[in-house]
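J.: Take a look at this one; I'll ask things after.
The values are calculated or read from the model by the stated rules, or taken from the named source; none is laboratory data. This structure is a prediction, so every number in the text was calculated from the model and none was measured. Every residue, glycine among them, receives a Cβ derived from its backbone with ideal geometry; neighbour counts consider all protein chains shown. Surface areas here come from the heavy atoms of the whole protein model, side chains and all, with no ligands, DNA or RNA. Shrake-Rupley method; radii C 1.70, N 1.55, O 1.52, S 1.80 Å.
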Amino acid sequence: MLGEGARLCIGIDPSHLFLLQFEAVRRLMGNDQRAHLLPLGIEQLPMLEAFDTVFSMGVLYHRRSPLDHLIQLKDQLVAGGELILETLVIEGDETSVLVPVDRYAQMRNVYFFPSAKALKVWLEQVGFEEVRIVDENTTSTEEQRTTSWMTHNSLPDYLDPQDPNKTVEGYPAPRRAILVAKKPNA
């Protein structure tokens, strides 16, 4: 983001491991003090209304209340600010939502997988405007795989060996979408 001209970047993640990883990378990149990571979850932030752009990457399906999460994201934006939301989705229409029982692709802490069209409706319901689905595609095993840097299980281990269009639990294989939405000016 700094490389694209941002004056200041502030990330949040409650994991101390991610904080340590961020600080290591920042040090390797010259210790730029325009980038920061706070060890917080979004529920710990007050309504700041301070950011021109907010990114939410791979978080929504981990939230027990996805609409509350979308409101929390909107509350961080200035009037006219932009949300970039990336999340796992399913195929379907404006009413399609998958609620997995127990696990999805071996992940325990997942709750809702809307279709991209349903997610667009959710964003509009919580007050965003100019909502656009800018990308939607199936997560590939070429993209998410085990490597010499990442040696633990990956996507191929979580797909049905007889049908890679399904997870080991029988749900549709992972798809993801990116949506862009604007907070109204007033």
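J.: Please state which of the following conditions Phe22 fails to meet, knowing it meets all the rest: (1) surrounded by 13 or more Cβ atoms within 10 Å (Cβ to Cβ); (2) part of a helix (DSSP H, G or I); (3) in contact with a helix residue (DSSP H, G or I) (Cβ under 8 Å, 6 or more places away or on another chain).
T.: If we test Phe22 against (1) surrounded by 13 or more Cβ atoms within 10 Å (Cβ to Cβ); (2) part of a helix (DSSP H, G or I); (3) in contact with a helix residue (DSSP H, G or I) (Cβ under 8 Å, 6 or more places away or on another chain), just (3) comes out false.
J.: Please specify each residue of the stretch 119-163 satisfying the condition of being among the β-branched types (Val, Ile, Thr) and part of a loop (DSSP other than H, G, I, E, B). Explain how you work it out, then say what you get.
T.: Start the filter on the stretch 119-163 by keeping residues that are among the β-branched types (Val, Ile, Thr), which leaves 121, 126, 131, 133-134, 138-139, 141, 146-147, 151.
Matches in the stretch 119-163: Val126, Thr139, Thr141, Thr146, Thr147, Thr151.
J.: So, one more: Could you say which residue among Ser96, Ser65, Ser56 is surrounded by 14 or more Cβ atoms within 10 Å (Cβ to Cβ), of a type in the set (Ser, Thr, Tyr), at pLDDT 95 or above and out of contact with any Pro (no Cβ under 8 Å at 6 or more places or on another chain)?
T.: Values: Ser96 fails: out of contact with any Pro (no Cβ under 8 Å at 6 or more places or on another chain); Ser65 fails: surrounded by 14 or more Cβ atoms within 10 Å (Cβ to Cβ).
After applying the criteria, what remains is Ser56.
J.: Regarding the stretch 156-171, can at least one residue be identified that is open to solvent by less than 60 Å² (accessible area, probe 1.4 Å) and closer than 30 Å to Thr53 by Cβ?
T.: Within the stretch 156-171, not a single residue is open to solvent by less than 60 Å² (accessible area, probe 1.4 Å) and closer than 30 Å to Thr53 by Cβ.
J.: What is the number of the single condition among (1) over 25 Å from Gln76 (Cβ atoms); (2) at pLDDT below 95 that Asn109 does not meet?
T.: Only one criterion is unmet by Asn109, namely (1).
J.: Let me ask something else about it. Within the group Glu129, Glu124, Glu82, Glu136, which residue is without any contact (Cβ under 8 Å) to a residue 60 or more places away in the chain and surrounded by 15 or more Cβ atoms within 10 Å (Cβ to Cβ)? Outline the logic, then answer.
T.: On the way: Glu129 fails: surrounded by 15 or more Cβ atoms within 10 Å (Cβ to Cβ); Glu124 fails: surrounded by 15 or more Cβ atoms within 10 Å (Cβ to Cβ); Glu82 fails: without any contact (Cβ under 8 Å) to a residue 60 or more places away in the chain.
Every option except Glu136 fails the conditions.
J.: Tell me, please, whether a residue that is of a type in the set (A, V, I, L, M, F, W, C), under 23 Å from Arg132 (Cβ atoms) and open to solvent by 30 Å² or more (accessible area, probe 1.4 Å) can be found in the stretch 102-120.
T.: Of all residues in the stretch 102-120, those of a type in the set (A, V, I, L, M, F, W, C) come to 105, 107, 110, 112-113, 116, 118-119.
Subsequent filtering for residues that are under 23 Å from Arg132 (Cβ atoms) retains 112-113, 116, 118-119.
From the residues that got through so far, the ones that are open to solvent by 30 Å² or more (accessible area, probe 1.4 Å) too are 112.
Within the stretch 102-120, one or more residues are of a type in the set (A, V, I, L, M, F, W, C), under 23 Å from Arg132 (Cβ atoms) and open to solvent by 30 Å² or more (accessible area, probe 1.4 Å).
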